[in-house]
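Working notes for the structure below.
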Amino acid sequence: MTAQIILASASPRRQELLDQIKVAYRVNPVDLDETPLPNETPLDYVQRLAAEKSAACLAQLGDSLPVLAADTAVVLGDLIMGKPKDREDALAMLRQLSGKMHRVYSAISLRGREHGQAVSITEVTFRVLTECEIAAYWQSGEPVDKAGSYAIQGIGGVFVESISGSFSGVVGLPLFETADLLSRQGIGLFK
C-alpha cells in the first residue's frame, strides 16, 4: 500500500490507531528534547512538541508527503508527568494518580499543503490503588515507556474508574481530531 503520510513517531500505539482508520503511512521518528520550558502550560507544551516534531521530520526528509506528529502528556494539576526515569519515579507517579482525576493532553500536528494542529483533552479518574497493585504493575513492564507510567489500553485500564473525552487521545493519537486534519489535507480514510 502506498504511504499517504509520514508518521513522525515510533509509537506502536499510534501506528495501531492509524491502522484502525486505514491510513497508510511510513514511519520516521524524530528525537527531540522533551523538557518543558519554564512556566510552560501543559497545553502549550504538547502543542509545541507536536509542532516541533512535525517540523523536524519534514526538515529531515524534505518529503512531498504530509507529516503527522503527536505528543501526549499526563497532567495532574499543573504537573506534567512524562515517561518514568526508573522504578521509583513510576511508583511515585502512580501513587500521585491514585484516587484522583487527571487530564491527558494529546496534540497533533500535520504539515502538508498547510500546517494544521488540534488538541484533545481527556479527564481520567483513577480508583484508589494499593501498594501491592502499584508494585505488581511495575513488574509487568507496562509502565516503563508510558507517560504517567500507565497504559489505558493495557493492564493499566483496570485502574481507570471513569473517562470523559477521547479514549484514543489517552492512548496517544486522538482519532476524531486526526481524521479531521487528514480530511482537510485531502487525505482519504478507510481505504
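The values are calculated or read from the model by the stated rules, or taken from the named source; none is laboratory data. Small disclaimer: the values here were computed from a predicted structure and weren't measured. As a convention, Cβ positions derive from the backbone with ideal geometry for all residues, glycine included, and neighbour counts pool all protein chains shown. Heads up: the accessible areas ignore ligands, DNA and RNA and are worked out on the full protein's heavy atoms, side chains in. Shrake-Rupley method; radii C 1.70, N 1.55, O 1.52, S 1.80 Å.
Before moving on, here are some points about what is shown:
- Across segment 103-108, coupling constants 3J(HN,Hα) worked out from phi with the 6.51/-1.76/1.60 Karplus curve, θ = phi - 60°, read 10, 10, 9, 10, 9, 10 Hz, and Gly and Pro carry x.
- Projecting the Cα atoms of Ala151, Ala3, Ile163 onto the dipole axis of the chain, where Lys and Arg carry +1 and Asp and Glu carry -1 at the beta carbon, places Ala3 farthest toward the positive end.
- Based on protein heavy atoms only, the chain ends up with 48 Å² per residue of surface accessible to a 1.4 Å probe.
- Residue-span extension gain [Phe176 to Ile155] - 0.36 nm each, minus C-alpha spacing: 5.1 nm
- Inter-label distance, nm, simple model (7 Å from Cα along the C-beta direction), Ala92/Ala24: 4.7 nm
- Amide H contacts of Ile6 (H built 1.01 Å from N, in plane; Pro and chain starts excluded): Arg26, Val67, Leu68 sit under 5 Å, all sequence-distant by 5 or more or on other chains.
- Gain upon complete extension [Glu131, Leu76; 0.36 nm per residue less C-alpha separation]: 17.8 nm
- Scalar couplings 3J(HN,Hα) for segment 3-15, obtained by applying the Karplus form with A = 6.51, B = -1.76, C = 1.60 to θ = phi - 60°, are 5, 9, 9, 9, 9, 8, 7, 9, 5, x, 5, 5, 5 Hz; x denotes Gly and Pro.
- Solvent-accessible area assigned to carbon and sulfur over segment 39-191 amounts to 53 percent, based on a 1.4 Å probe.
- Degrees between helix 87-97 axis and first principal axis of the chain (Cα, 0 to 90, nearest 10): 90 degrees
- The distance separating the Cα centre of segment 128-179 from that of segment 62-125 comes to 12 Å.
- With Cα atoms, 0 to 90° folded angle of helix 131-140 axis to the chain main axis: 40 degrees
- Computed on the chain, with alpha-carbon pairs under 8 angstrom and 6+ residues apart, the relative contact order is 23 percent.
- Expected 222 nm ellipticity per residue - DSSP helices of 4 or more, -39500 (n - 2.57), all of the chain, to 500: -10500 deg cm²/dmol
- In this view, the solvent-accessible surface of Thr35, computed with a 1.4 Å probe and all protein chains in place, comes to about 80 Å².
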